[in-house]
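Since the structure comes first, as structure tokens, the remarks are kept for the end.
The values are calculated or read from the model by the stated rules, or taken from the named source; none is laboratory data. In this text the structure is predicted, and so the values were computed from the model without any measurement. Every residue, glycine among them, receives a Cβ derived from its backbone with ideal geometry; neighbour counts consider all protein chains shown. Please note that ligands, DNA and RNA were not included when accessible areas were found on the heavy atoms of the full protein model with its side chains. Shrake-Rupley method; radii C 1.70, N 1.55, O 1.52, S 1.80 Å.
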Amino acid sequence: MLETMLPRGSKLRLCVGVLAALGLGGCAKTDETSGESSKPPVVRPSILLVTLDTTRADALGPDAAGIETPGFNALVARGRRFTRAYATVPETLPSHTSMMTGLYPAGHGIHENGRALPAEQGLLAERLQQSGYRTAAFVSSFVLARRFGLGRGFETYDDVESAERSSRETTDRAIEYLRGPSEKPRLLWVHYFDAHAPYAPEEPFRARYPGNPYLGEVAAVDAQLQRLVEAFEKSAPGPIAILVAGDHGEGLGDHGESLHGNLLYESTMRVPLVLVGPGVGPGVVDMPVSTRRIFDTVLDLAGLGGTSSLRATTTPEVVLGEAMKPFLEYGWQPQIMAVDGVHKLIFAGRNEVYDVVEDPAETRDIASSASLSRAARTALADYPVPAPGLAKAPSSLSEEDRKKLASLGYVSAGAAPVVRKDAPRPVDMAPLFDVIEKASDLFVRGEYARAIPLLERIRAKDAFNLDAVLRLATAHSSLGQEDAAMKMFEKARELSPQSADVRAYFALHLARGARWEEAVPLLERSAAESPDRVPVLEALARVRERQGRTRDALALWQRIHSLRKPGALELVKVGELAMEAEDTAAAIPAFEAARLSQGPAFRHHLELGVLYLAARRFEDARDALDRVSARHPAYPMALFKRAQVSVLLREPDSTSRIEAARRGADATTRELIARERLFQDDRR
Ligand SMILES: [Zn+2]
């Protein structure tokens, strides 16, 4: 049943041969300290891991139709190609998290983009760094930005805060990095995002693939892959190993899915994978493997164990995968995949079974006739379905972050869905995928009037879709359409009577309409039950400001800023609130952070000078006050404070500074100057 070029028993031979050459004992060595500097292995290869976003297995390599990929093909000629490699999830962050942890999403907990990996989860780069590797990563999409958790263990983590950057730019930066010398072996991870929608290949690839810009993007990435591999080989001090893998494919219309993330068919789950390295003879492996084994493979290459390394692939495994996004966001059927030999079993409300070797397009469901192994059935039955409430996207993303994710096709309203037994199967909802994506993008960008008809289309097909109902309610609310908004909030409450999400969205609606008497108790309750829900905390902070509860407002803004990065104006606001609350210790860092962020545009030197003076940081006070513009409306106060500082610092010109303060005084400072002891002492 399992087609592989490697005869049974070759695993042992391979492992002994390769690992002996590395100065290590055997295949199953898991001693984590074996790579420590006290006893370094003889040769440890520099390792290049390249991940190709959104790249279908049939779009790359010697068998790919309608495209030439000489960069990848050159690696195939030198290494082992896996023709049936599977992503763990058809989405970027969870798929990469599996490669970096060796775990399925059920193990690492990241089922969707936009979530952050817990700090206690061990990562591949940490292991290699601890064992003496120089580690660096260059990623090309915001989806993999450091904040989402995969940067740990990389000395250099070159990420992007814009939505994406081109493979050319990422390669330029990686090559620049490789120019720096290294005596240690390297782990370099490079991630290319071009093949992700929208497809807009650069020339000459645009012209070369006129009817198929997706293939044009893949070909453009392949050219950069070639550049990168050359530079890597030149830079490496010793032997090298190279792994290239797709993170997931792209639907391109298969099974009604144009993009990826919603279904588990071959188009999005099967990915290219090639391994070149010491002890890896050229060949083709047709046995199904999971890309999560990249984790063990890299450990194995680095001499750090790795029991399920792809260098030893003769043990068949049941390969698992999941696509939980439609479940976690809309309450549709959870989807799990098990690939066992030629059979692929998809569970989504009911079983579908395909012989993906005979029928790679998965057009003939043989669930009624196929006999599946006990291992596959058990693996599927045991695979845990995440709890929607716990697994939802973090609400601490800023508006900007949400826009960036939405521009890439990710981000829901973040509400726990209505879970029900008779929920639709995602594949039956395929006509809605593009509508949802478009509606989400418009909604997050605040184009509510254009989003509403699309959201209504979703609701017409899926009346239980709480995400769509809440977005409709919020869109109407933002457009000041009170009746329509209230109608939708009632619908939302009918769908999910106990929902904290519905309560929070309704509270925000009331606050938007300045209906404070109703809004305040709901906001308070919402903030108490969801202390990380930033929009609610923001609304409540504004309420506290209006109520004159300055200290409470300050505490809320500080909490908000611990959840998401504040803008410069928000920092100034915190500084002002802290001054009002006479909290010098909180005010100073807020203004300092605003100054750092605004540079020459910073206008609050006077406040900072006054605060430094109160904190008896006289030199800092002097420097800040010297920066106050003479056109500042409170310039007389600056002169007064500067004179005080001058006396305290015993500056030689303090007398003339006091005079200047007197000459420039206004009604407020005239009185202060008259009463100022420091000045009287000085005159004496
Ligand atoms: Zn991806």
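Details
- Leu372, sole failed condition from (1) crowded, with 23+ Cβ neighbours inside 10 Å; (2) part of a loop (DSSP other than H, G, I, E, B): (1)
For (1) closer than 18 Å to Gly246 by Cα; (2) modelled with pLDDT under 95; (3) under 17 Å from the mean Cα position of the chain (by Cα); (4) of a type in the set (Val, Ile, Thr), each residue gets a yes or a no:
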| residue | (1), (2), (3), (4) |
| --- | --- |
| Ala65 | yes, yes, no, no |
| Glu68 | yes, no, no, no |
| Leu103 | yes, no, no, no |
| Leu123 | no, no, yes, no |
| Phe148 | no, yes, yes, no |
| Thr170 | yes, no, no, yes |
| Arg173 | no, no, no, no |
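- Selected residue (criterion: farthest from Val427 (Cα to Cα)) from residues of region 281-319 that are of a type in the set (Val, Ile, Thr) and open to solvent by 10 Å² or more (accessible area, probe 1.4 Å): Thr307
- Residues in region 605-626 include none that are part of a helix (DSSP H, G or I) and within 34 Å of the chain's Cα centre (by Cα).
- For region 628-680, the set of residues classified as open to solvent by 40 Å² or more (accessible area, probe 1.4 Å), in a loop (DSSP other than H, G, I, E, B) and either acidic (Asp, Glu) or out of contact with any Lys or Arg (no Cβ under 7 Å at 6 or more places or on another chain) (or both) consists of Ser629, Ala630, Arg631, His632, Pro633, Arg650, Pro652, Asp653, Asp666, listed by residue number.
- Those residues of region 320-355 which are hydroxyl-bearing (Ser, Thr, Tyr) and either free of Cβ contacts under 8 Å to residues at least 24 places away in the same chain or open to solvent by less than 10 Å² (accessible area, probe 1.4 Å) (or both), in sequence order: Tyr354
- Scanning region 429-446 for residues that are part of a helix (DSSP H, G or I) and open to solvent by 20 Å² or more (accessible area, probe 1.4 Å) yields Pro431, Asp434, Ile436, Glu437, Lys438, Asp441, Phe443.
A quick yes/no check of all residues on (1) in contact with a Leu (Cβ under 6 Å, 6 or more places away or on another chain); (2) open to solvent by less than 40 Å² (accessible area, probe 1.4 Å); (3) assigned to a helix (DSSP H, G or I); (4) of a type in the set (A, V, I, L, M, F, W, C):
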| position | (1), (2), (3), (4) |
| --- | --- |
| Leu537 | yes, yes, yes, yes |
| Val543 | no, yes, yes, yes |
| Asp552 | no, no, yes, no |
| Ala555 | no, no, yes, yes |
| Ser562 | no, no, yes, no |
| Pro566 | no, yes, no, no |
| Leu571 | no, yes, yes, yes |
| Leu577 | yes, yes, yes, yes |
| Ala585 | no, no, yes, yes |
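- Here region 359-384 is the region considered, the condition is being hydrophobic (A, V, I, L, M, F, W, C) and more than 34 Å from the chain's Cα centre (by Cα), and the residue that is farthest from Gly253 (Cα to Cα) is Leu372.
- Single condition Leu124 does not satisfy, out of (1) away from the ligand (no atom under 16 Å from the Cβ); (2) touching a Lys or Arg at 6+ places or on another chain (Cβ under 8 Å); (3) open to solvent by less than 20 Å² (accessible area, probe 1.4 Å): (2)
- For region 514-535, the set of residues classified as at pLDDT 90 or above and surrounded by 18 or more Cβ atoms within 10 Å (Cβ to Cβ) consists of Ala519, Val520, Leu522, Leu523, Ser526, Ala527, listed by residue number.
- Number of the exception - Ile294 against (1) assigned to a helix (DSSP H, G or I); (2) modelled with pLDDT under 95; (3) in contact with a strand residue (DSSP E or B) (Cβ under 7 Å, 6 or more places away or on another chain): (2)
- Being crowded, with 23+ Cβ neighbours inside 10 Å, within 28 Å of Leu432 (Cα to Cα) and free of Cβ contacts under 8 Å to residues at least 60 places away in the same chain holds for only one residue in Ala473, Ala460, Ala507, Ala449, and it is Ala473.
- Scanning region 93-111 for residues that are within 16 Å of the ligand (Cβ to nearest atom) and closer than 19 Å to Leu49 by Cα yields Leu93, Pro94, Ser95, His96, Thr97, Ser98, Met99, Met100.
- Test: residue in region 246-253 that is open to solvent by less than 10 Å² (accessible area, probe 1.4 Å), modelled with pLDDT of 95 or more and either away from the ligand (no atom under 16 Å from the Cβ) or β-branched (Val, Ile, Thr) (or both): no
- Test: residue in region 652-665 that is farther than 19 Å from Leu608 by Cα, touching a Pro at 6+ places or on another chain (Cβ under 9 Å) and hydrophobic (A, V, I, L, M, F, W, C): yes
- Qualifying positions in region 112-121 - more than 14 Å from the ligand (Cβ to nearest atom) and either without any contact (Cβ under 8 Å) to a residue 60 or more places away in the chain or buried (at least 21 other Cβ atoms within 10 Å of the Cβ) (or both): Leu117, Pro118, Ala119, Glu120, Gln121
- The number of residues in region 150-198 being more than 16 Å from the ligand (Cβ to nearest atom), within 30 Å of Gly109 (Cβ to Cβ) and surrounded by fewer than 21 Cβ atoms within 10 Å (Cβ to Cβ) comes to 9.
- Region 301-346, residues that are part of a strand (DSSP E or B) and more than 29 Å from the chain's Cα centre (by Cα): Asp340, His343, Lys344, Leu345
- Candidate set from region 228-245 (those that are under 20 Å from Leu299 (Cβ atoms) and small (Gly, Ala, Ser)); member that is nearest to the ligand (Cβ to nearest atom): Ala245
- Residue match in region 201-224 (condition: within 14 Å of the ligand (Cβ to nearest atom), open to solvent by 10 Å² or more (accessible area, probe 1.4 Å) and in a loop (DSSP other than H, G, I, E, B)): no
- Index of the failed condition, Phe138 passing every other in (1) within 16 Å of the ligand (Cβ to nearest atom); (2) in contact with a strand residue (DSSP E or B) (Cβ under 9 Å, 6 or more places away or on another chain); (3) modelled with pLDDT under 95: (3)
- Top-ranked residue of region 67-92 - restricted to ones that are part of a loop (DSSP other than H, G, I, E, B), within 16 Å of the ligand (Cβ to nearest atom) and hydrophobic (A, V, I, L, M, F, W, C), ranked as surrounded by the most Cβ atoms within 10 Å (Cβ to Cβ): Ala87
- Extreme residue, farthest from the ligand (Cβ to nearest atom), among residues of region 254-276 that are assigned to a helix (DSSP H, G or I) and surrounded by 22 or more Cβ atoms within 10 Å (Cβ to Cβ): Glu266
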